[in-house]
Amino acid sequence: MTVELKNAYLTVKINEAGAELSSVKSADGIEYMWQANPKFWGRHAPVLFPIVGRLKDDQFTVAGQPYHMGQHGFARDNDFTVIAHTDTSATLELTDSAATRKMYPFAFRLRLIYTLKDHELTVAYDVHNPANQELLFSIGGHPAFNVPLADPAGRLENYTLTVAPKQVYPHIPLQAPLNDADNADELDLTKPLPLTRDFFKDDAVILDLKHQETTLMLSSDLDDHGVAMTIEDAPYVGTWSPYPADAPFVCLEPWWGIADNVHADGQLSHKMAINRLAANQTFNAQYQVKFF
């Protein structure tokens, strides 16, 4: 089942399965979202919860008890419930269950709130801790945008990545699939960066945003179309496209969390960039995407 949002400029579709954004189409027929061709990657924009990336050995421990969890957690593989829906907004909810507690021993309420206004879609995360114990979690997005957009002759190499503020960003490399923050280097984004396949040869390119508001734009000189994502108060953003496949999409991924560090000891409470939510408290985060 899908939920549709619509205004004069855009039609948005969200799958109840995983609360996944599956389509953003302009009034003149341009599809901005990757359509999940499994030849390259069979997803559109999965919700990453309660972890981002991979755990070391795909497991963690809480209070001495080990738990197994695959990459990016389980929210993307669960059905959400639509609890509110208008022409331009929708709220979808997932709560803990006997099945989730076998993988993750916490009570939670996760809501995804999608809001469409003019040419912009806001994606908001609402994580509530209904229990009397601290909730440990990560959350993030993984939306994939078609590249090319309007020009069928275009390729990834016709696109540039522009980041504002224009500055040199700390770059966290991967010893795939784990992060190697101890060997962080720098990526000069003081001017637009022409994209190449080799840019993604070491998996996702992760920038340390240090919680500053940041905008990333994918655009091309071939036409006037692109996307601009503004991330509010996130510690990291990943950019990714499968390598070496000639996949016609690029992901811009706002993360409130990160894959385990290469030196991780497996204890969830020690996990790099883990979020801690006190009893009966709520965590809120969001990003906006402007489609042009």
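The values are calculated or read from the model by the stated rules, or taken from the named source; none is laboratory data. Quantities reported herein were computed from a predicted structural model and do not represent experimental measurements. Every residue, glycine among them, receives a Cβ derived from its backbone with ideal geometry; neighbour counts consider all protein chains shown. Keep in mind that these areas ignore ligands, DNA and RNA; they rest on the heavy atoms of the full protein, side chains included. Shrake-Rupley method; radii C 1.70, N 1.55, O 1.52, S 1.80 Å.
Take the residues in region 92-127 that are closer than 21 Å to residue 267 by Cα and touching an Asp or Glu at 6+ places or on another chain (Cβ under 8 Å), then tell me which one is surrounded by the fewest Cβ atoms within 10 Å (Cβ to Cβ).
Among residues in region 92-127 that are closer than 21 Å to residue 267 by Cα and touching an Asp or Glu at 6+ places or on another chain (Cβ under 8 Å), the one surrounded by the fewest Cβ atoms within 10 Å (Cβ to Cβ) is 107.
When residues of region 169-216 are filtered for being part of a strand (DSSP E or B) and either among the polar types (S, T, N, Q) or open to solvent by 60 Å² or more (accessible area, probe 1.4 Å) (or both), how many remain?
Qualifying residue count for the region: 8.
What are the pairs with Cβ atoms under 9 angstrom where one residue, in region 268-286, is touching a residue at least 60 places away in the same chain (Cβ under 8 Å) and the other, located anywhere, is assigned to a strand (DSSP E or B) and loosely packed, with under 13 Cβ neighbours inside 10 Å? Sequence gap at least six, or different chains.
Note: pairs meeting the criteria are 269/276.
Going residue by residue through region 45-68, is there one that turns out to be out of contact with any Pro (no Cβ under 8 Å at 6 or more places or on another chain), in a strand (DSSP E or B), surrounded by 12 or more Cβ atoms within 10 Å (Cβ to Cβ) and among the aromatic types (Phe, Trp, Tyr)?
Scanning region 45-68 turns up at least one residue that is out of contact with any Pro (no Cβ under 8 Å at 6 or more places or on another chain), in a strand (DSSP E or B), surrounded by 12 or more Cβ atoms within 10 Å (Cβ to Cβ) and among the aromatic types (Phe, Trp, Tyr).
For residues in region 5-40 being open to solvent by less than 10 Å² (accessible area, probe 1.4 Å) and over 18 Å from the mean Cα position of the chain (by Cα), which is nearest to residue 247 (Cα to Cα)?
The selected residue is 10.
Somewhere in region 45-55, is a residue without any contact (Cβ under 8 Å) to a residue 60 or more places away in the chain, in contact with a Ser or Thr (Cβ under 6 Å, 6 or more places away or on another chain) and within 16 Å of residue 125 (Cβ to Cβ)? Steps first, answer last, please.
First, the residues of region 45-55 that are without any contact (Cβ under 8 Å) to a residue 60 or more places away in the chain: none.
For region 45-55, residues without any contact (Cβ under 8 Å) to a residue 60 or more places away in the chain, in contact with a Ser or Thr (Cβ under 6 Å, 6 or more places away or on another chain) and within 16 Å of residue 125 (Cβ to Cβ): absent.
Which of the residues belonging to region 74-116 are outside any strand (DSSP E or B), closer than 16 Å to residue 127 by Cβ and among the acidic types (Asp, Glu)?
Across region 74-116, the qualifying residue is only 96.
When you scan region 128-135, do you find a residue that is modelled with pLDDT under 95 and open to solvent by 60 Å² or more (accessible area, probe 1.4 Å), even just one? Lay out the reasoning, then the answer.
Keep residues of region 128-135 that are modelled with pLDDT under 95, which gives none.
No, region 128-135 contains no residue that is modelled with pLDDT under 95 and open to solvent by 60 Å² or more (accessible area, probe 1.4 Å).
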